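First up is the structure itself, then whatever we jot down about it.
We did not get these values from a lab; they are worked out from the coordinates using the rules stated. What you see is a predicted model, and the numbers here were worked out from it, not measured in a lab. Methodologically, a virtual Cβ is constructed for each residue, glycine included, from the backbone with ideal geometry; neighbour enumeration extends over all protein chains shown.
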Amino acid sequence: MNKNDIADIRKRFKLDTDLLTITDIYHVYIRQESSEIYHEESQAFALLDREQQELFMTNFKKVLGGKLGMKLFEVKFERQNEENTEDHAQKILYEGLHAEEAEEWKEEMQHLALKMVKDVQYEKDLVVTFIRGNYFKKTKRNSEETEIDMRDEVFTTPFILCSMNHTDLPKRSIVFDFQEREFKSNTMLDPIINLASPIGGFLFPCFTDNSADVNHVLYAAGKANKPDYAFIEHVLNGEEVVTAADDKAVFEEIVKQVVGGEVDTETLGNVYEAIYRLTVADEEEEEPEEPPAIDAKQIERVLKMSGVDYVNTESVETAFQTIVDDTSYEMKASHIVPSYTSKSIKIETKVANISISPQDLKYVKQVNYDGKQCILIEVEEDTIIEGFKVISEDLLT
């Protein structure tokens, strides 16, 4: 799935639309430090009152929020074998997806929920919600956002979405009782499901080129660059994922090894700009296939374009072999420069911490003045400190 596929289904999670319908919902309540299901409940989604439906729709949107490689990961299922076929998540999800009766679907989701508590104890009470529905996507783009028309060519697929949410106990407070006309302490101790901040979830199947991809599941992490690797491996039976932070760290280590660990800000800015151009070119395509990848050849090309003339194929391949032990390893360009225009680069010093965007690195230099290392920042306007305009001093001559 690319970000456009995710954005399209995400925005369909709303009431009163015929582009996405939810038929069934199933909840399980898991107590903290417990390895069993405390309570379960299943019903048709339409039987929930409208306020509950709206709360859940907002929650499902949040599960699919975030960037690919940071909070969302397309996970490939491990190959099934004789030992794990019956307990394999791909088989469970596929059979649940195509179950004719709601009770059959519930049994498959219960099977998956039991995998979640097997050999795992959660620090807080947890509510896991599964839904089953149908997603309708028009295969031809229109300039206007409209509902399905009889003349539209539509891609239709059933789907399952899972949302995992912690519960919180209400804070003690003073309330006003309108019936008794008095102030009293709030004695309600029912746990509140924190639907605003899901700690994880997934969508099955993935969608690629207007077709369902049952060999992949879209996993959602609770925090950026912090996927639950144990959940991916043991619950989803998925292969290991690489985060954007992992890719960025690998890229930085490879470049350090090639250039010797030292680089001026102009060269570094040129490197980020060259990679950013790759992502922009990809976004401008009407039907982008795969996100642009950075391999050994691309790194060599980028470094030469950025002013590192002495780089060669051998030095880059050696760096790849040293850092990742694989000269064919590829990194996503969007992972290396995730936020080109925002102040995503941090310069930390004993005196001050500076935040700057990759595109503005060219305005920052490290210089030597009077035997001391200084950071020089080029500005186009007067500098104001606490309301005072700072006087310019001609020190660097």
Give me the distance between the Cα centres of segment 169-188 and segment 97-112, rounded to whole Å. 42 Å
Members of K3/K304; K304/K362; K343/K389; K61/K137 lying beyond 19 Å, as alpha-carbon distances in this model show: K3/K304; K343/K389
Relative contact order for segment 68-207 using alpha-carbon pairs under 8 Å, separation at least 6, rounded to a whole percent? 19 percent
Excluding the sites themselves, what is the longest stretch of the chain that contains no chymotrypsin sites (Phe, Trp or Tyr not before Pro) in a DSSP loop with at most 16 other C-beta atoms within 10 Å? 39-177
List, in the order given, every pair from K67/K297; K11/K223; K14/K124 whose Cα-Cα distance in the structure shown is over 24 Å. K67/K297; K14/K124
Take the alpha carbon gyration tensor of segment 16-74, find the square roots of its eigenvalues, order them as a ≥ b ≥ c, and report rounded if a/c is under 1.5; if not, report prolate when a/b exceeds b/c, else oblate. oblate
Given unit charges at Cβ for Lys, Arg (+) and Asp, Glu (-), the dipole magnitude of the chain about its Cα centre in debye, nearest 20, is 1120 debye
Report the label-to-label distance for E103 and Q257 in nanometres (one decimal), using points 7 Å from each Cα along the Cα→Cβ vector. 6.0 nm
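Charges only on Cβ, +1 for Lys and Arg, -1 for Asp and Glu: so what's the dipole of segment 345-389 about the Cα centre, in debye to the nearest 20?
Roughly 260 debye, rounded to the nearest 20.
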Two-site label geometry, K223 and L114: point separation in nm, points 7 Å out along Cα→Cβ: 3.3 nm
Using the count of nearby Cβ atoms within 10 Å as a rough guide to exposure, how do C374, C206, C162 rank from fewest to most? C374, C206, C162
Enter the angle in degrees (range 0 to 90, nearest 10) between the Cα long axis of helix 296-305 and the first principal axis of the Cα atoms of the chain, meaning the one along which they spread out most. 40 degrees
Tensor-based shape of segment 52-99 (alpha-carbon gyration tensor, a/c under 1.5 rounded, otherwise prolate or oblate): oblate
Shape descriptors of segment 288-397 over alpha-carbon atoms, Rg and Dmax in angstrom, are 19.3, 55
For the chain, the longest principal axis of the Cα atoms and the Cα long axis of helix 102-117 enclose an angle in degrees, to the nearest 10, of 50 degrees
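About the Cα centre, and with charges only on the beta carbon of Lys, Arg (+1) and Asp, Glu (-1), how big is the dipole of segment 3-240? Nearest 20 debye, please.
Dipole magnitude for segment 3-240 comes out near 1220 debye.
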V351 and Q373 label points (each 7 Å along its Cα→Cβ direction) are spaced in nm at 1.3 nm
Can you give the net charge of the other residues whose Cβ lies under 10 Å from the Cβ of A244, counting K and R as +1 and D and E as -1? +2
Placing +1 on each Lys and Arg Cβ and -1 on each Asp and Glu Cβ in the chain, then taking the dipole about the Cα centre, the residue among I6, F202, L268 whose Cα reaches farthest towards the positive end is L268
Here the gain from full extension of E78 to Q32, 0.36 nm per residue of separation minus their alpha-carbon distance, amounts to 13.6 nm
Explain nothing, just the number: relative contact order of the chain, from Cα pairs under 8 Å at least 6 residues apart, as a whole percent. 15 percent
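With the contact rule set at Cα under 8 Å and sequence spacing of 6 or more, what percent relative contact order holds for segment 1-112?
It rounds to 22 percent for segment 1-112.
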Can you bin segment 3-240 into rounded, prolate or oblate? Criterion: square roots of the alpha carbon gyration tensor eigenvalues sorted a ≥ b ≥ c, rounded for a/c under 1.5, prolate for a/b above b/c, oblate for the rest. oblate
Please give the helix 50-63 orientation as an angle from the longest Cα principal axis of the chain, in degrees from 0 to 90, rounded to the nearest 10. 40 degrees
